[in-house]
Amino acid sequence: GKIQMKSLSLKSTSALALALITGGVVVTATPVAAAVQSSPSSTTGKVEFTAGDLTLNQVPNFDFGTQNILSTDQTYTATADGETKITDLRGDGNGWELTVKATELTAGGKTLKNAQMSLENGTTANTNSETVTATDAVLVPNTAAKVFSAVANNGNGESTLTWDKANAKLFVPGASTKSAAEYTATLTWTLADAPTAP
């Protein structure tokens with residue numbers, strides 16, 4: 001009888017050990033399944049820009065060459081193309097306007113009366129493919145004239161306006177007294193940080 005009891009006791013212990021091992025496998029499988037089913041995490045990528053400047057980078061000089069004194073009205077064209085360049089890095093979308101004001105043409109204190117420059121048919125470009133507008137202008141002495149502009153939310157990046165030399169003109173009346181001298185005028189270019197009404 002004693003031998004049988006001992007034998008039963010051993011079997012009982014083996015069955016218990018097997019149950020623990022089986023239980024262990026089940027327990028360790030649970031966290032693996034939970035890791036696979038977890039939801040993804042989200043993160044953020046960001047960049048912040050600080051405002052740059054609105055700058056007038058380039059403006060042209062105009063030379064109308066050496067001409068004969070004549071008693072008839074004459075229109076002279078420039079000897080080279082003229083280009084103006086504006087950079088808008090403000091990032092506020094305000095737009096801008098460029099005006100130019102010319103003094104009278106003078107030589108040694110003498111004025112070339114009623115002479116006027118005109119700028120026509122300018123071609124424009126913008127690095128951001130935004131709209132910028134050239135405006136034909138007759139430069140009445142000492143009066144600002146708009147030549148280049150961008151309305152709100154346009155004109156960002158670099159904008160250029162180019163006048164072909166044939167489209168930059170100087171009209172000189174035949175009736176104006178002319179000295180055998182070089183006449184010069186000063187062109188003042190002003191870039192405003194917001195456009196006026198179109």
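A few remarks follow.
- Cα-based Rg / Dmax (Å) for region 39-125: 23.3, 90
- Cβ-derived FRET efficiency at R0 25 Å, THR50 paired with GLU83, nearest 0.05: 0.30
- Each listed q (0.28 Å⁻¹) maps to a log10 I(q)/I(0) for region 134-198 from the Debye sum over equal C-alpha point scatterers, namely -1.53.
- Phi angles of region 173-181 translate, via the Karplus equation with coefficients 6.51, -1.76, 1.60 and θ = phi - 60°, into HN-Hα couplings of x, x, 6, 6, 5, 10, 8, 7, 7 Hz per residue; Gly and Pro are given as x.
- Residue-wise HN-Hα couplings along region 82-89, as the Karplus relation 6.51 cos²θ - 1.76 cosθ + 1.60 with θ = phi - 60° gives them from phi, are x, 9, 10, 9, 10, 10, 10, 10 Hz; Gly and Pro carry x.
- Full-stretch length increase - ASN61, ASN121 - with 0.36 nm per residue and alpha-carbon distance subtracted: 19.9 nm
- Largest accessible area first, the listed residues THR160, THR43, THR106 line up as THR43, THR106, THR160 when surface is computed with a 1.4 Å probe on the assembled protein chains.
- About the Cα centre, charge dipole magnitude for region 69-123 (Lys/Arg +1, Asp/Glu -1 at Cβ), debye: 280 debye
- In region 51-198, a dipole from Cβ-located charges (positive for Lys and Arg, negative for Asp and Glu) runs towards its positive end, and of THR106, ASN153, TRP96 it is THR106 whose Cα lies farthest in that direction.
- Cα-based shape type of region 99-177, given that a ≥ b ≥ c are square roots of the gyration tensor eigenvalues and the cut on a/c is 1.5: prolate
The values are calculated or read from the model by the stated rules, or taken from the named source; none is laboratory data. The structure presented is a predicted model; accordingly, all values stated were derived computationally and were not measured. Neighbour counts run over all protein chains shown; Cβ positions are idealised from the backbone, glycine included. Ligands, DNA and RNA are stripped out before the accessible areas are found, and what is left, the full protein with its side chains, is counted by its heavy atoms. Shrake-Rupley method; radii C 1.70, N 1.55, O 1.52, S 1.80 Å.
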